[in-house]
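The values are calculated or read from the model by the stated rules, or taken from the named source; none is laboratory data. Note that the structure is predicted; figures quoted are calculated from it, not measured. Glycine gets a Cβ as well: all are built from the backbone with ideal geometry, and neighbour counts include every protein chain shown.
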Amino acid sequence: MKMLNRALLAALLTGTALTAPALADTLEVAIIGEPQSMDPMTSTQDVVGMVTQHIVETLFTFDSKWNIQPLLAEALPEVTDEGKTYRIKLRTGITFHDGSAMDSADVVDSLKRWTEISTRGKGVADKIASISAPDAQTVEIKLNTAYAPLLSLLAFNNSAAAIYPQEILGGDITSPVGTGPYKLVAHVPDQYIQVVKFDGYVSRSEPSDGAAGARSQSVDEIRFVPVPDANTRVEGLVSGQFDYADGLPVESYDRIASSDKAVPVLIQNFGWPVWAVNHKAGLLTDLNIRKALEAALPMDDMMFAAFGDDKFFSSDGSMYPEGSPWHRTEGTELYNQNDPAKAKEYLDAANYDGTPLRILTSRQYEFHFKMAEVAKLALEAAGFKVQMNVVDWATLGEQRNDPSLWDIYITHSPFLPEPALTDLYAPTSRLGWTNPAKEEILTAFTTEIDMAKRQELFGQLQQNLLEDVGFLKIGNFAALQGAAKGLEGVTPSPWPAFWNAKAN
C-alpha cells in the first residue's frame, strides 16, 4: 500500500469518501469481539450493527450529516393525517441473497417482527396502529399518535428494523439473509465472519454520503475478525495484519501515528460512557442508593483513568456536547459531585446493609474496566461494598438481559442524531427506568414536531434523568480506530462500513 496522502487524511477528518481503482481483494477488519447475535433486530451492541449492516438493509439510513435518506425505500415517505400515516414506496428489482424478490409482504412482516422483538421496536409498538401493504411495492404505517422519531428508528442499524425475506421470519435468525452488498458465507464463532460480494446487489445511484447513496462493493470479500484484546488489535494493525481496527485504546494513538503501515482515525466527541442502572431488581431500585451512587462517583478521575489525556475526553454532564442542538444544562449541577460524605448520608437514609453493588463490565473495551477500577475505590470510600464481575463482551451482552445478575453494567453510546434512539429512556428497555413525570415528558417529547419545543422538553427530560438517576453519563470521549495506509473510501463512523473501501 502507498503512503497515506493529504487528500485521504482530509477525507478521514471530514467524513468524505474517496475513490480509487477497484481492488478485488479480501479486507481484514479487527472487531472488539464476537458479536452477540447476527440478527441486528435482537441486539443494541455496536459490533452487531457494524458487521450486519453489510448483509441486511433498512428502509432508510443516515448520510454523513445524520440526515435521513432512503435506502430500500424509493424515497422519503409521504406523511399525512397530522403525522400519523406514513406511506412508503419501495424500490423495485431488489433481490434477497436467497434469490427471492423483495416486496411489501417481506417488509410488513419484518417490521411487525421488529415491533415484537427489538428493544427499539418494542418501544414504539404501542404507538403503531397498523402496518399494512396496499400493494406489492407500498407499505403503510398508521400511528395512534404522531411520533417524531419514527424515521430515525427505521433508519438505525442498531436494534435495527432490518428487512428479511418473509420465509425466514418464523424463529431465531442465526444466518441472516438480506439485500445488502455482501452475503454471509461463513461464521466461525470467535475466529471470523466472512462475507462476500453479492452479485445480485442493486446499489442506489446517488453519490456515497455516510451510509447513504451508492455502495460500490469495491472488495470481493470482507473478514471480520473478533480480537477481544485491545492491544492485540493495535499490534495487528501496525504490523499490517489488519486493514482496519475498531475500538482502539486512545493511548495507542502515537504508536499508530508513528507506524509505517497504519494511520490513526480519531473521532472527536464520539460518544459517552454509560453506567446502566438496574431499576428492575437489586440495590438500585432504592432512590437513595441511586443518589448515593451519583454523589460518590468522581467523573473527572474516571475519565482521566480511561483516556489519559484531556484531548481525548471532557467532563460534561449534559447528555449532548456543546454545538449539538440537544445540548442542555438542566440538572447538570448533580453531575460529578465526587462527595463521599453526601453519598454516605444517602446510604444511611436507605439503611444500606452492605449488600455488594455488582458492577458488570468487560476488558474488551479497556476504558470501561479502567473507569470501574477508579469508581470502585471511590464507592468503597463512601461506604459501598463493591463486587466487580469482569466477563467477555459477548457474555456481558447476555447477562445484562437478566436483571438478577447485575446492579450496573458498563457500556457506551455514540452521540445519536435523535435522543429517542437511546433506548435507555424507554420504560421497555432492559433498565426498566420509569416514573410518572418522566413518562409524561417523554410522551410530549416524542409527539412534538416543533424543534424548539422538543429541545425544551429534552431539557426537562435531562433534569428528571439526573434527579431520578435513571442512568449515568460519565463524560464525553473521542474514539480511536485505525486504518491501513492507503485504505480509502471508509467514512469514519461509530459503525464504519466497508462497501466502498479500496486500497492502493
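Could you figure out which of (1) closer than 16 Å to Gly383 by Cα; (2) out of contact with any strand residue (DSSP E or B) (no Cβ under 8 Å at 6 or more places or on another chain); (3) outside any helix (DSSP H, G or I); (4) of a type outside the set (A, V, I, L, M, F, W, C) isn't true of Lys342?
Tallying (1) closer than 16 Å to Gly383 by Cα; (2) out of contact with any strand residue (DSSP E or B) (no Cβ under 8 Å at 6 or more places or on another chain); (3) outside any helix (DSSP H, G or I); (4) of a type outside the set (A, V, I, L, M, F, W, C), Lys342 fails exactly one: (3).
Restricting attention to strands (runs of 3 or more DSSP E) lying wholly within region 76-148, give those where 2 or more residues are of a type in the set (Ser, Thr, Tyr).
Strands (runs of 3 or more DSSP E) meeting the threshold: 85-89, 128-135.
Out of (1) hydroxyl-bearing (Ser, Thr, Tyr); (2) in contact with a His (Cβ under 6 Å, 6 or more places away or on another chain); (3) surrounded by fewer than 21 Cβ atoms within 10 Å (Cβ to Cβ), what's the single condition that is false for Ser152?
Looking at each condition in turn, Ser152 falls short on (2).
What pairs come up if the first residue lies in region 328-352 and is under 10 Å from Gln463 (Cβ atoms), the second is outside any helix (DSSP H, G or I) and aliphatic (A, V, I, L, M), and their beta carbons are under 8 Å apart, counting only those six or more places apart or on different chains?
Qualifying pairs under 8 Å: Arg328/Met319.
In region 79-106, how many residues are touching a helix residue (DSSP H, G or I) at 6+ places or on another chain (Cβ under 9 Å) and either on the phi > 0 side of the Ramachandran plot or among the small types (Gly, Ala, Ser) (or both)?
3
Got a sec? Which of Glu333, Glu322 is surrounded by fewer than 17 Cβ atoms within 10 Å (Cβ to Cβ) and not in a loop (DSSP other than H, G, I, E, B)?
Answer to the check: Glu333.
Test Val391 against the stated conditions and say whether it is touching a helix residue (DSSP H, G or I) at 6+ places or on another chain (Cβ under 6 Å), over 16 Å from Trp272 (Cα atoms) and without any contact (Cβ under 8 Å) to a residue 40 or more places away in the chain.
So Val391 does not fit the description; no.
Applying the selection to region 431-458, what residues are under 21 Å from Pro403 (Cβ atoms) and outside any helix (DSSP H, G or I)?
Listed by number, the residues that qualify are Leu431, Gly432, Trp433, Thr434, Asn435.
Filtering region 403-443 down to residues that are crowded, with 18+ Cβ neighbours inside 10 Å and of a type in the set (Asp, Glu), which residue is nearest to Thr119 (Cα to Cα)?
Asp423
Hey, does region 253-276 have a residue that's touching an Asp or Glu at 6+ places or on another chain (Cβ under 9 Å), over 16 Å from Glu28 (Cβ atoms) and part of a loop (DSSP other than H, G, I, E, B)?
Within region 253-276 (the criterion being touching an Asp or Glu at 6+ places or on another chain (Cβ under 9 Å), over 16 Å from Glu28 (Cβ atoms) and part of a loop (DSSP other than H, G, I, E, B)), the answer is no, since none of the residues qualifies.
Can you report the number of residues in region 163-215 which are hydrophobic (A, V, I, L, M, F, W, C) and over 26 Å from Phe62 (Cα atoms)?
So the answer is 4.
Could we say that Thr44 is touching a helix residue (DSSP H, G or I) at 6+ places or on another chain (Cβ under 7 Å) and outside any loop (DSSP other than H, G, I, E, B) here?
no
Which condition from (1) over 11 Å from Ile141 (Cα atoms); (2) of a type in the set (A, V, I, L, M, F, W, C); (3) more than 25 Å from the chain's Cα centre (by Cα) is the one that Trp114 breaks?
Every condition holds for Trp114 apart from (3).
Is it true that some residue in region 36-43 is small (Gly, Ala, Ser) and either at pLDDT 95 or above or over 17 Å from the mean Cα position of the chain (by Cα) (or both)?
Checking region 36-43: not a single residue is small (Gly, Ala, Ser) and either at pLDDT 95 or above or over 17 Å from the mean Cα position of the chain (by Cα) (or both).
Could you count how many residues in region 224-264 are hydrophobic (A, V, I, L, M, F, W, C) and surrounded by fewer than 17 Cβ atoms within 10 Å (Cβ to Cβ)? Lay out the reasoning, then the answer.
Let us first name the residues in region 224-264 that are hydrophobic (A, V, I, L, M, F, W, C), namely 224-225, 227, 230, 234, 237-238, 242, 245, 248, 250, 256-257, 262-263.
After this cut, where a residue has to be surrounded by fewer than 17 Cβ atoms within 10 Å (Cβ to Cβ) as well, the list is 257.
Within region 224-264, residues that are hydrophobic (A, V, I, L, M, F, W, C) and surrounded by fewer than 17 Cβ atoms within 10 Å (Cβ to Cβ) number 1.
Cβ-Cβ below 8 Å, separation at least six or inter-chain, first residue in region 432-444 and free of Cβ contacts under 8 Å to residues at least 40 places away in the same chain and on the phi < 0 side of the Ramachandran plot, second of a type outside the set (Val, Ile, Thr) and part of a loop (DSSP other than H, G, I, E, B): which pairs?
Qualifying pairs under 8 Å: Lys438/Gly470; Glu439/Pro427; Leu442/Ala426.
Just to check your reading of the model, which residue among Asp423, Asp468, Asp407 is of a type in the set (Asp, Glu), within 15 Å of the chain's Cα centre (by Cα) and under 29 Å from Asp301 (Cα atoms)?
Just a single option satisfies the conditions, and that option is Asp423.
Return a yes/no flag: does region 459-466 have any residue that is touching a residue at least 40 places away in the same chain (Cβ under 8 Å) and within 20 Å of Ala155 (Cα to Cα).
no
Exactly one condition in (1) touching a helix residue (DSSP H, G or I) at 6+ places or on another chain (Cβ under 8 Å); (2) among the acidic types (Asp, Glu); (3) surrounded by fewer than 23 Cβ atoms within 10 Å (Cβ to Cβ) is not met by Glu221; state its number.
Among (1) touching a helix residue (DSSP H, G or I) at 6+ places or on another chain (Cβ under 8 Å); (2) among the acidic types (Asp, Glu); (3) surrounded by fewer than 23 Cβ atoms within 10 Å (Cβ to Cβ), Glu221 violates only (1).
Only one residue in Leu59, Leu76 is surrounded by fewer than 17 Cβ atoms within 10 Å (Cβ to Cβ) and in contact with a helix residue (DSSP H, G or I) (Cβ under 8 Å, 6 or more places away or on another chain). Which one?
Every option except Leu76 fails the conditions.
What about Gly282, is it buried (at least 21 other Cβ atoms within 10 Å of the Cβ) and on the phi > 0 side of the Ramachandran plot?
No.
Say we look at region 492-504 and pick out the residues that are within 15 Å of Pro181 (Cβ to Cβ) and of a type outside the set (A, V, I, L, M, F, W, C); which of these is surrounded by the fewest Cβ atoms within 10 Å (Cβ to Cβ)?
Pro496
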